[in-house]
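Trainee: Below are the structure tokens for one structure; questions will follow.
The values are calculated or read from the model by the stated rules, or taken from the named source; none is laboratory data. Not measured: the values here are computed from a predicted model. Glycine also receives a Cβ, built like all others from the backbone with ideal geometry; neighbour counts cover every protein chain displayed. Accessible surface is based on the protein model in full, side chains and every heavy atom, while ligands, DNA and RNA are left aside. Shrake-Rupley method; radii C 1.70, N 1.55, O 1.52, S 1.80 Å.
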Amino acid sequence: MNEKYDHKEIEKKWQKKWQEDGIYKTPDFQSDPTKPKSYVLDMFPYPSGEGLHVGHPKGYIATDIYSRMKKMQGYNILHPMGWDAFGLPAENFAIKNKIHPRIAVEKNIKRFKEQLSKIGFNYDWNREINTTDPGYYKWTQWVFLKMLKKGLAYESFEPINWCPSCQTGLANEDLDGGLCERCGSVVEKRPMRQWVLKITEYADRMLKDLDKLDWPEHIKEAQRNWIGKSEGTELEFKIKGNNSPQPPLKLRGGEQSEGELGIKVFTTRVDTLFGVTYLVLAPEHPIIEKLKDSKIENWNEVEKYIKETKAKTEIERTDAKKEKSGVEIKGIKAINPANGEEVPIFVADYVLANYGTGAVMAVPAHDERDFKFAKKYNLPIKQVIIPRLIDKSNPHIEGKETIFRDAVIVVVKNPKTDKYLCLKWKKHPWVTFVMGGIDKGEGAIEAAKREIEEETGYKNVKFIENLGLAQSEFYAAHKGVNRVAHTRNLFFELVNEEKSKISEEESEIHEIEWRSFDEIQNSDMTHSEMPLILDGLKKGMKPYTEEGILFDSGEFTKIDSETARERITKKFGEKVTKYKLRDWVFSRQRYWGEPIPVVHCQKCGVVSVSEKDLPVTLPEVERYEPTGNGESPLENITDWVNTKCPKCGSPAKRETNTMPQWAGSSWYYLRFIDPKNSKTLVDPEKEKYWAPVDVYVGGDHAVRHLIYARFWHKFLFDIGSVSTIEPFARLEFLGFILAKDGKKMSKRWNNIINPDDIVNVWGADTLRMYEMFMGPFENTIAWNDDNLIGVRRFIERIWKFSLIAKKTEEGNNNQKLENLLHKTIKKVTEDIENYKFNTAISTMMIFLNELEKLDHTSNVSKTVFDTFLKLLAPFAPHMTEEIWHGFGHKTSIHLEEWPKFDESKIKEENTLITIQINGKVRGQLEIKTGASEETVKEKALNLSEIQKWLADKKAKKVIFVPDRIINFVI
RNA sequence: GCCAGAGUGAUGAAAUUGGUAAACAUGCGCGACUCAAAAUCGCGUGCCGCAAGGUUUGUGGGUUCAAGUCCCACCUCUGGCACCA
């Protein structure tokens, strides 16, 4: 062996040998059925024209290490690799470089494979798949046909997202903030014929089953958000003409049966039903058309508004920050089913047509958006939910009488001085605003003015704003009763300082004090309403969107929100569940995708291509640029398009839309199990053996791919093609590698680092270890050339050590070393299992440091070193294999058995105990493991450095944690 | 705005789940080897202090013998959702 570790020669040699020996071939079933299987999968790459950068292999290295360990532990490993090659990027690359996408993909795959092979992965290339291979996409098409048969695929003519630059329709999942996720163009809404998959049918199951998955919480959360389940109530508001008081409007006979006309609304907060002050329809709401000729008085205005809305882009329309707009539909009113109140109806674009019922009951007092709208159009705001404020410093006293009352708290500001009128109580330690009860028959503002004059003498005040209503519960010490008060918090300003005389009685109770805003904010004012008042003064009135107690709500008054929702729903509506998730727009007007396997027959309509005629292959064409007219380029290939109806034989046309990029990747993990089967998608026996994927590794795609794949998988489960309800049991999230400059690696920034270069200079094993040692696997970290040297040094030190290490059993097995070895086995094994590769590597570094120290005095036995090599083998497969053979072994280290640790050897003879005095570290003590408190205490107290601190004081308390710490409290 | 996660040296980070904060590595400083440099090896390296010692995990408070870890409030960053009623 050479003194210097020559990675180039060694890596080449072993990669060739492993290939020849086929050590990574995966048998479908293990001869010993008691041995378990493990399916370890990476998200397969999209073979782009740019080739791999160093970020790509990070996940592949992790699964390589993991699966190598699993294999050594006796698992039957399925660890395959393939290519996701349909879709826009490949097609655009081909157009730009003027080659056929098929050729481009072939070239790119070849390049990717070369790059990957240099890193020394253990893939079983016999199972390679490619989504653009007709033998593969035959089954993608097959799944589509099954969905069609079950009614889960359907044609739709609804407006969908259209990217004018990519010239294709897109699914909701393909948008990023209203922009095309691919090219960043503003997406338009375009009505067009398209194929749609009913993913919504699976929304609930996909949501529920998330709980069963061992996935990172943030990904599950992203999926929950995307599915967006909300439970609420649907109820109907009847419509009535302005001038025809009774009865409500009826539909005229004809196509629709006669009945009262109504608007259905969906709400998650029926508890606010009594606070409805108007209704809002989405501009697309169909009822508007129905009402048009009869009742709408201002049709021109309404029509104009609807047209304007349609002209807006989706982003313009859904920008929450923009000012709300809308138009009242004059001539009709809606009737609140709860109290019979008539409220106006508006059309406004802040209501979305495709969520809920496309109509909303507006409760401005309790909803941000309705509030903004109501403020703008000066609509009434009626508070019906009030917060419940319990005064903790003056709680109700049991046994005392409880008195309800309506009250006002009056904030009076002197605009000249910017100070607020407060009362300092003489017999109680209180500072309050003016306050008092509302007398019978008296209005709140009236009561407030009366109280101001009675308590402070000020005669001329002006009402400014309502700061909100609350129910406060406290013990009124001055009256000796428990109080439940509905307090209106009102804000006034002094007009002038004219005063009347205050009664003696009043001036006995309190004195006036003017305080600045800061003072009222920071001092202890007695009201439990203070947060509400301060907020109101600072920001003006805001809608109260939390739950509380119902107010002014007929028979439901005083009930809490939750109970009220149940009861009101029962009485006036119906409980419903809605999802944000929309059906999956599944057709693309582009060439490079799986043809959708149906034909359009003049007689029979849409007819499936029969299964035996699958795959419907993509025709070879000269021109495959998008047409831009909303049709696929396939439209022009007449001899492909024109065909016969499989049902009746009459002339028919093939469907020319193709499937989106995400189709092939929605089930590929199943094909790896049985990649060459031409009879079925996956052999059931093999599927039962291998499924589900035990560990799935990848980044990004938190929503799209993982939602789609779960949906397809559940469908395949329903039709009996797979035996599990979820495809990926465990998911490990991969953090990206950024370029040195902290930016994303891209051609645009010219900062791409090619793994080939790193492998050349530093070697594959160094690249592998560096990427794993960078930090926690899920962290996004910038590449740093400087740190490569660290792992390279580590590798060279092992190499050098192997040259001097004993190759026989003669070595002296020092007990300390053996102890460390077993600890190392334990830690490395657990860390790989948990994808904590960075700490696994540091543990091995510690072990090597120790080895080198020891070597001066003793030799290390072959067994110890062999064991260490095995631990290292998954990380540095080339170097360990070379050393292994140098030690005289004839078979591959990667087929060895994974070391097991011996619990008894991990226990140390002596432990270092920390001695603390009052929690501060004052010394250490080495003592036999498991020593008793008495022994430790005695020894510790005898140490001079401890005596120094204790002086003559005695410990009040001693805390002892065996083998860890002793703390004297003095 | 809502939801989730995170804030620790110059840098990437570690910390047995409440028990010596900064393991491991990079960088930096000093030294050895060398004519010299690189490589390699040795020592040092949170901050203040000559030292004894003090002090330190985003900020402020709390629980505890003991807090990076638990609780409360706030600030900042990252990711997801966002006019979804």
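Trainee: If you check every pair at least six apart or on different chains, which have Cβ atoms under 6 Å apart with a residue in region A:201-218 that is of a type outside the set (Phe, Trp, Tyr) first and a residue that is open to solvent by 10 Å² or more (accessible area, probe 1.4 Å) and assigned to a helix (DSSP H, G or I) second?
Mentor: A:Leu210/A:Lys220
A quick yes/no check of all residues on (1) more than 9 Å from RNA strand B (Cβ to nearest atom); (2) farther than 15 Å from A:Ile725 by Cβ; (3) open to solvent by less than 60 Å² (accessible area, probe 1.4 Å); (4) in contact with a Pro (Cβ under 7 Å, 6 or more places away or on another chain):
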{"position": "A:Arg205", "(1), (2), (3), (4)": "yes, no, no, no"}
{"position": "A:Asp214", "(1), (2), (3), (4)": "yes, no, no, no"}
{"position": "A:Glu217", "(1), (2), (3), (4)": "no, yes, no, no"}
{"position": "A:Glu221", "(1), (2), (3), (4)": "no, yes, no, no"}
{"position": "A:Trp226", "(1), (2), (3), (4)": "no, yes, no, no"}
{"position": "A:Lys240", "(1), (2), (3), (4)": "yes, yes, yes, yes"}
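Trainee: On to the next question. Can you run down the residue pairs with Cβ atoms below 6 Å, 6 or more apart or on separate chains, where the first is in region A:112-136 and under 19 Å from A:Pro619 (Cβ atoms) and the partner is open to solvent by 50 Å² or more (accessible area, probe 1.4 Å)?
Mentor: Close Cβ pairs (under 6 Å, with a partner that is open to solvent by 50 Å² or more (accessible area, probe 1.4 Å)) amount to A:Pro134/A:Thr617.
Trainee: Next question. Is it true that A:Leu618 is surrounded by 21 or more Cβ atoms within 10 Å (Cβ to Cβ) and either assigned to a loop (DSSP other than H, G, I, E, B) or at positive phi (or both)?
Mentor: On the way: surrounded by 21 or more Cβ atoms within 10 Å (Cβ to Cβ): yes; either assigned to a loop (DSSP other than H, G, I, E, B) or at positive phi (or both): yes.
Yes, satisfied.
Trainee: Now for a different question. For region A:265-362, which helices (runs of 4 or more DSSP H) that fit wholly inside it have 2 or more residues that are open to solvent by less than 50 Å² (accessible area, probe 1.4 Å)?
Mentor: Per the criteria, A:286-292, A:299-311.
Trainee: Please count how many residues of region A:739-780 are open to solvent by 30 Å² or more (accessible area, probe 1.4 Å), at pLDDT 90 or above and within 14 Å of RNA strand B (Cβ to nearest atom).
Mentor: 8
Trainee: Restrict the check to region A:694-711 and report whether at least one residue is open to solvent by less than 40 Å² (accessible area, probe 1.4 Å), farther than 18 Å from A:Phe672 by Cβ, in contact (Cβ under 8 Å) with a residue 12 or more places away in the chain and more than 15 Å from RNA strand B (Cβ to nearest atom).
Mentor: Within region A:694-711, one or more residues are open to solvent by less than 40 Å² (accessible area, probe 1.4 Å), farther than 18 Å from A:Phe672 by Cβ, in contact (Cβ under 8 Å) with a residue 12 or more places away in the chain and more than 15 Å from RNA strand B (Cβ to nearest atom).
Trainee: Determine whether region A:578-601 contains at least one residue that is open to solvent by 30 Å² or more (accessible area, probe 1.4 Å) and more than 38 Å from the chain's Cα centre (by Cα).
Mentor: Filtering region A:578-601 down to residues open to solvent by 30 Å² or more (accessible area, probe 1.4 Å) leaves A:578-580, A:582-583, A:600.
Subsequent filtering for residues that are more than 38 Å from the chain's Cα centre (by Cα) retains A:600.
Within region A:578-601, one or more residues are open to solvent by 30 Å² or more (accessible area, probe 1.4 Å) and more than 38 Å from the chain's Cα centre (by Cα).
This table checks each residue for (1) surrounded by fewer than 13 Cβ atoms within 10 Å (Cβ to Cβ); (2) away from RNA strand B (no atom under 14 Å from the Cβ); (3) modelled with pLDDT of 85 or more; (4) closer than 30 Å to A:Leu872 by Cα.
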| position | (1), (2), (3), (4) |
| --- | --- |
| A:Glu908 | no, no, no, yes |
| A:Glu926 | yes, no, no, no |
| A:Gly930 | yes, yes, no, no |
| A:Ala955 | no, no, no, no |
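Trainee: How many of the residues in region A:535-587 are within 15 Å of RNA strand B (Cβ to nearest atom), over 24 Å from A:Thr357 (Cβ atoms), part of a loop (DSSP other than H, G, I, E, B) and of a type in the set (Asp, Glu)?
Mentor: Adding up the residues that qualify gives 1.
Trainee: Since A:Gln947 meets every condition but one in (1) within 16 Å of RNA strand B (Cβ to nearest atom); (2) open to solvent by 40 Å² or more (accessible area, probe 1.4 Å); (3) within 44 Å of the chain's Cα centre (by Cα), which condition does it not meet?
Mentor: Against the list (1) within 16 Å of RNA strand B (Cβ to nearest atom); (2) open to solvent by 40 Å² or more (accessible area, probe 1.4 Å); (3) within 44 Å of the chain's Cα centre (by Cα), A:Gln947 comes up short only on (3).
Trainee: Report yes if A:Asn819 is touching a residue at least 12 places away in the same chain (Cβ under 8 Å), over 46 Å from the mean Cα position of the chain (by Cα), more than 11 Å from RNA strand B (Cβ to nearest atom) and within 21 Å of A:Thr911 (Cβ to Cβ), otherwise no.
Mentor: no
Trainee: For region A:176-185, does any single residue satisfy the condition of being buried (at least 21 other Cβ atoms within 10 Å of the Cβ), part of a loop (DSSP other than H, G, I, E, B) and within 16 Å of RNA strand B (Cβ to nearest atom)?
Mentor: no
Trainee: How many residues does region A:111-140 hold that are within 23 Å of A:Ile673 (Cα to Cα) and assigned to a helix (DSSP H, G or I)? Spell out how you get there, then give the answer.
Mentor: As a first pass, look at region A:111-140 and keep what is within 23 Å of A:Ile673 (Cα to Cα): A:112-113, A:116-117, A:120-140.
Applying the additional criterion that residues be assigned to a helix (DSSP H, G or I) yields A:112-113, A:116-117, A:125-127, A:134-140.
Count: 14.
Trainee: Might you check whether a residue that is more than 37 Å from the chain's Cα centre (by Cα) and more than 23 Å from A:Tyr708 (Cα to Cα) occurs anywhere in region A:43-60?
Mentor: At the first step, the residues of region A:43-60 found to be more than 37 Å from the chain's Cα centre (by Cα) are none.
No, region A:43-60 contains no residue that is more than 37 Å from the chain's Cα centre (by Cα) and more than 23 Å from A:Tyr708 (Cα to Cα).
Trainee: Of all the residues that make up region A:26-82, how many are closer than 22 Å to A:Lys688 by Cα, open to solvent by 10 Å² or more (accessible area, probe 1.4 Å) and part of a helix (DSSP H, G or I)?
Mentor: The qualifying residues number 2.
Trainee: Can A:Ala365 be described as surrounded by 21 or more Cβ atoms within 10 Å (Cβ to Cβ), touching a residue at least 60 places away in the same chain (Cβ under 8 Å) and over 37 Å from the mean Cα position of the chain (by Cα)?
Mentor: So A:Ala365 does not fit the description; no.
Trainee: Examine region A:374-389 for a residue that is open to solvent by less than 50 Å² (accessible area, probe 1.4 Å), within 8 Å of RNA strand B (Cβ to nearest atom), within 27 Å of A:Glu314 (Cα to Cα) and part of a helix (DSSP H, G or I), and state whether such a residue exists.
Mentor: The answer is no; no qualifying residue exists.
Trainee: When you look at A:Tyr689, is it part of a helix (DSSP H, G or I) and under 29 Å from A:Ile832 (Cβ atoms), yes or no?
Mentor: yes
Trainee: Looking for something open to solvent by 10 Å² or more (accessible area, probe 1.4 Å), over 29 Å from the mean Cα position of the chain (by Cα), closer than 30 Å to A:Glu625 by Cα and of a type in the set (A, V, I, L, M, F, W, C) - is there at least one such residue anywhere in region A:638-655?
Mentor: Yes, region A:638-655 contains a residue that is open to solvent by 10 Å² or more (accessible area, probe 1.4 Å), over 29 Å from the mean Cα position of the chain (by Cα), closer than 30 Å to A:Glu625 by Cα and of a type in the set (A, V, I, L, M, F, W, C).
Trainee: From the list A:Gly554, A:Gly548, which residue is loosely packed, with under 15 Cβ neighbours inside 10 Å and touching a residue at least 40 places away in the same chain (Cβ under 8 Å)?
Mentor: A:Gly554
Trainee: Any residue in region A:836-848 that's more than 6 Å from RNA strand B (Cβ to nearest atom): show its pairings with residues that are of a type in the set (S, T, N, Q) at Cβ separation under 8 Å, as long as the two are six or more apart or on different chains.
Mentor: Hits for this filter: A:Thr843/A:Thr824; A:Met844/A:Thr824; A:Phe847/A:Thr824.
Trainee: Could you list, in sequence order, all residues of region A:325-362 that are within 15 Å of RNA strand B (Cβ to nearest atom), among the β-branched types (Val, Ile, Thr) and more than 25 Å from A:Glu314 (Cα to Cα)?
Mentor: If the condition is that a residue be within 15 Å of RNA strand B (Cβ to nearest atom), among the β-branched types (Val, Ile, Thr) and more than 25 Å from A:Glu314 (Cα to Cα), then A:Val343 is the only one that fits.
Trainee: Moving to a separate point now. For the list (1) open to solvent by less than 100 Å² (accessible area, probe 1.4 Å); (2) assigned to a helix (DSSP H, G or I); (3) within 13 Å of RNA strand B (Cβ to nearest atom), I need the number of the one condition that A:Ala940 fails.
Mentor: For A:Ala940, the exception is condition (3).
Trainee: Got a number for residues in region A:781-795 being more than 9 Å from RNA strand B (Cβ to nearest atom) and not in a helix (DSSP H, G or I)?
Mentor: 1
Trainee: If you check A:Gly919 against the conditions, is it within 11 Å of RNA strand B (Cβ to nearest atom) and touching a residue at least 40 places away in the same chain (Cβ under 8 Å)?
Mentor: The answer is yes for A:Gly919.
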